[in-house]
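The values are calculated or read from the model by the stated rules, or taken from the named source; none is laboratory data. Being a predicted model, the structure only gives us computed values, none of them experimental. Cβ placement follows ideal geometry from the backbone for every residue including glycine, while neighbour counts extend to all protein chains displayed. All accessible areas refer to the heavy atoms of the entire protein, side chains included, with ligands and DNA or RNA removed. Shrake-Rupley method; radii C 1.70, N 1.55, O 1.52, S 1.80 Å.
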Amino acid sequence: MSFNIYNSITKKIERFNPIEKKKVSLYTCGPTVYDYSHIGNFRTFLFEDLLKRWLIHLGYDVKHIMNITDIDDKTIEKANKKGVSLKKITHKYTEVFFNDLKWLKLIPASSFPRATNYIDEIIILIQKLIKKKYAYLDDSGSVYFDIGTQSNYGKLTNLKSNSLKKGKRVLDDEYNKNMAQDFALWKAHKDIEGEIFWDSPWGKGRPGWHIECSAMAMAELGENFDIHCGGVDNMFPHHENEIAQSESVTGKKFVNYWMHSEFLSIDGDKMSKSKGNVYTINKLKGMGFSAESIRYQLLSSHYRKKITFSKRKKDEVDRVISRFFNFYNLLISRKANLIKGVSYPQEYLEFCDKMNNDLNVSGALGIFFSWMKGVMKKIKAKNISDKGLGEAWMFLSVLNDVFDFIDVKKNDIPNDVRIILKKRMQAREVKDYVLSDLLRNELEIMGWKVEDSGQGQEVFKNK
Ligand code: AMP
Ligand code: ZN
């Protein structure tokens with residue numbers, strides 16, 4: 001079974017072959033800590049988490065580096081606007097980011113390097129680029145990368161050569177494709193930036209955003225590594241510039257596989273502060289979203305498809321999440337977790353085939369759902385062997401290792417609720433609907449809502 005992924009640079013689905021057997025080096029562009037990360041950022045971070053979890057499931061030892069961008073145009077602007085130090089701003093939002101990661105159950109990266117701890121490495125890279133004549137110093141003390149030295153600048157985004165403004169310079173960290181120009185590696189200090197500067201061979205200044213990721217990635221993973229991810233907006237100019245400067249320094253291919261996730265919008269709209277639809281994790285928590293339900297909305301579509309996050313989908317998604325949870329509870333109640341010496345059901349292989357096909361999650365989840373429905377029916381009809389129960393537990397465990405849709409720490413359905421549910425099931429079996437309704441009311445009073453579906457009783461905690 002091979003794992004095939006879409007490589008954004010070749011625009012093809014390719015078989016994944018790591019540099020080192022059974023090991024994966026993975027770099028993902030992390031948050032710019034000038035504000036709270038929003039649900040769009042988490043779409044990308046969750047895609048990367050899913051990729052990592054799937055690689056781990058396939059038996060790889062994954063070294064995952066996610067940087068923290070704690071110095072760039074946006075962080076400086078925010079610190080100046082608030083009249084506080086850069087550290088004060090970046091520490092605050094880094095801490096919130098780590099709490100959000102934990103709450104959303106992302107597996108922490110092997111390391112989270114901060115750009116401000118890599119200034120020496122950045123300066124060394126820039127010195128090498130100047131020495132090799134890929135970069136030059138301007139009159140103000142800023143250093144620029146010369147895109148005129150590159151015969152194939154723009155290979156990730158297929159930039160047309162006539163859109164390259166050779167010899168022109170752009171100081172901003174972010175700019176659009178029709179301004180593809182020499183970009184800043186080192187920015188000379190401006191008075192407005194106050195105390196925010198580092199000494200360098202070119203005088204006081206600070207790094208440009210793009211060189212930060214090249215320096216951290218190479219310091220942590222080496223000059224050539226397996227996978228580099230980000231959202232599609234990172235492709236230009238950030239990743240194009242990372243490739244140009246890294247490959248110019250080393251003369252080697254920088255990254256073997258580039259993977260990018262598509263954008264997330266809110267109820268079909270672009271997220272924007274003026275529309276009040278920038279959803280942070282805190283805001284969603286306040287709206288009653290669970291981590292599992294956010295994970296499902298963000299992970300259940302393919303990572304290369306645009307998706308919409310919607311308040312309206314909440315109830316529907318909560319039901320799906322409850323279905324997984326009920327299945328989990330049902331298997332526990334049948335002691336499926338204690339059955340030893342069993343393997344996976346046939347459907348697991350089909351599930352793996354889908355996941356191995358560039359993380360085809362909708363296909364994989366579709367297989368899981370129809371299999372789960374069949375198993376529920378068999379359990380209800382008391383028509384399942386211990387082997388069947390054990391296999392069900394094995395498959396469910398894989399699903400949860402990879403997607404984490406089940407809150408296994410959530411209190412189990414309490415015993416008194418279980419007893420009433422059992423009585424109610426017996427009442428329904430003998431068609432005593434009056435008693436069944438009375439028991440439903442009793443459960444309602446205890447804070448539990450019960451629904452009857454083809455798969456039996458489904459129970460939800462009332463909010
Ligand atoms: P930033 O904090 O802006 O540096 O972004 C962190 C990550 O989130 C980057 O990989 C971006 O590509 C990604 N990102 C930003 N906005 C969105 C969005 N609306 N949907 C998906 N990913 C996004
Ligand atoms: Zn980056």
Modelled with pLDDT under 90 and closer than 25 Å to SER362 by Cα: which single residue out of SER397, SER453 fits that description? SER453
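When only residues in segment 183-193 that are open to solvent by 30 Å² or more (accessible area, probe 1.4 Å) and of a type outside the set (Val, Ile, Thr) count, which is farthest from ligand 1 (Cβ to nearest atom)? Give the derivation first.
Within segment 183-193, the first condition is being open to solvent by 30 Å² or more (accessible area, probe 1.4 Å), and the residues that meet it are 189-192.
Then drop every residue that is not of a type outside the set (Val, Ile, Thr), which leaves 189-191.
Working: HIS189: 23, LYS190: 22, ASP191: 27 Å.
Selected residue: ASP191.
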Could you list, in sequence order, all residues of segment 155-179 that are of a type outside the set (A, V, I, L, M, F, W, C), at pLDDT below 95 and open to solvent by less than 30 Å² (accessible area, probe 1.4 Å)? SER163, ASP173, TYR175
Just one of the numbered conditions (1) more than 16 Å from ligand 1 (Cβ to nearest atom); (2) touching a residue at least 60 places away in the same chain (Cβ under 8 Å) is not true of VAL170; which one? (2)
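Take the residues in segment 265-298 that are within 30 Å of LYS155 (Cα to Cα) and open to solvent by 10 Å² or more (accessible area, probe 1.4 Å), then tell me which one is nearest to ligand 2 (Cβ to nearest atom).
Filtering segment 265-298 down to residues within 30 Å of LYS155 (Cα to Cα) leaves 265, 270-271, 298.
The next check asks that each one be open to solvent by 10 Å² or more (accessible area, probe 1.4 Å); those that pass are 265, 270-271.
On the way: SER265: 22, LYS270: 22, MET271: 20 Å.
The extreme case among them is MET271.
Of all residues in segment 244-264, how many are more than 13 Å from ligand 2 (Cβ to nearest atom) and part of a loop (DSSP other than H, G, I, E, B)? Quick ask: steps written out before the conclusion?
Going through segment 244-264, the residues more than 13 Å from ligand 2 (Cβ to nearest atom) turn out to be 244, 247-253, 256-257, 259, 261-264.
Add one more test, that the residue is part of a loop (DSSP other than H, G, I, E, B), and what stays is 251-253, 262-263.
Selection size over segment 244-264: 5.
Results for (1) open to solvent by less than 80 Å² (accessible area, probe 1.4 Å); (2) touching a Cys at 6+ places or on another chain (Cβ under 7 Å); (3) among the charged types (D, E, K, R); (4) under 20 Å from GLY59 (Cα atoms), shown as yes or no for each residue.
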| residue | (1), (2), (3), (4) |
| --- | --- |
| MET372 | yes, no, no, no |
| LEU396 | yes, no, no, yes |
| ASP401 | no, no, yes, yes |
| ALA427 | yes, no, no, no |
Please name all residue pairs, on different chains or six or more residues apart, with Cβ atoms under 8 Å, provided the first residue is in segment 138-160 and is on the phi > 0 side of the Ramachandran plot and the second residue is in a loop (DSSP other than H, G, I, E, B). GLY141/HIS189; GLY141/TRP202; GLY141/GLY203; GLY141/LYS204; GLY154/LYS160
Hey, could you check segment 26-46 for residues that are over 15 Å from VAL278 (Cβ atoms) and either among the polar types (S, T, N, Q) or away from ligand 2 (no atom under 15 Å from the Cβ) (or both) and say which is most open to solvent (accessible area, probe 1.4 Å)? THR44
Tally of residues being open to solvent by 70 Å² or more (accessible area, probe 1.4 Å) and of a type in the set (Val, Ile, Thr) across segment 429-463: 3
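Could you count how many residues in segment 52-81 are away from ligand 2 (no atom under 16 Å from the Cβ) and of a type in the set (A, V, I, L, M, F, W, C)? Quick ask: steps written out before the conclusion?
Of the residues in segment 52-81, the ones away from ligand 2 (no atom under 16 Å from the Cβ) are 52-63, 76-81.
Now drop any that are not of a type in the set (A, V, I, L, M, F, W, C), which leaves 54-56, 58, 62, 76, 79.
Result for segment 52-81: 7.
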Which residue pairs have Cβ atoms under 8 Å apart, sit 6 or more places apart or on different chains, and have a first residue in segment 55-70 that is open to solvent by less than 20 Å² (accessible area, probe 1.4 Å) and a second that is part of a strand (DSSP E or B) and among the basic types (Lys, Arg)? ASN67/ARG114; ILE68/ARG114; ASP70/ARG114
Only one residue in ILE71, ILE9 is of a type outside the set (Asp, Glu), within 13 Å of ligand 1 (Cβ to nearest atom), farther than 27 Å from SER293 by Cβ and modelled with pLDDT of 95 or more, so which one is that? ILE71
Meets criteria (over 25 Å from GLU95 (Cβ atoms), crowded, with 18+ Cβ neighbours inside 10 Å and at pLDDT below 95) for ASN326: yes
Failed criterion for GLN127 (all others in (1) touching a Gly at 6+ places or on another chain (Cβ under 7 Å); (2) in a helix (DSSP H, G or I); (3) open to solvent by 80 Å² or more (accessible area, probe 1.4 Å) hold): (1)
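Can you spot a residue in segment 235-243 that is over 30 Å from ASP100 (Cα atoms), within 13 Å of ligand 2 (Cβ to nearest atom), assigned by TED's automatic domain parsing to the domain that holds ILE71 and not aromatic (Phe, Trp, Tyr)?
yes
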Only one of HIS64, HIS57, HIS38 is in the same structural domain as GLU223 (by TED's automatic domain parsing), within 15 Å of ligand 1 (Cβ to nearest atom) and farther than 27 Å from MET271 by Cα. Can you tell me which? HIS64
Just checking, how many residues over segment 210-235 are open to solvent by less than 10 Å² (accessible area, probe 1.4 Å), more than 16 Å from ligand 1 (Cβ to nearest atom) and not acidic (Asp, Glu)? 2
Subset of segment 299-321 (residues that are open to solvent by less than 20 Å² (accessible area, probe 1.4 Å) and not β-branched (Val, Ile, Thr)): LEU299, TYR303, PHE309, SER310
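Select from segment 192-220 the residues that are away from ligand 2 (no atom under 13 Å from the Cβ) and within 22 Å of the chain's Cα centre (by Cα) and list them in ascending order.
Of all residues in segment 192-220, those away from ligand 2 (no atom under 13 Å from the Cβ) come to 192-206, 219.
Those that are away from ligand 2 (no atom under 13 Å from the Cβ) and within 22 Å of the chain's Cα centre (by Cα): none in segment 192-220.
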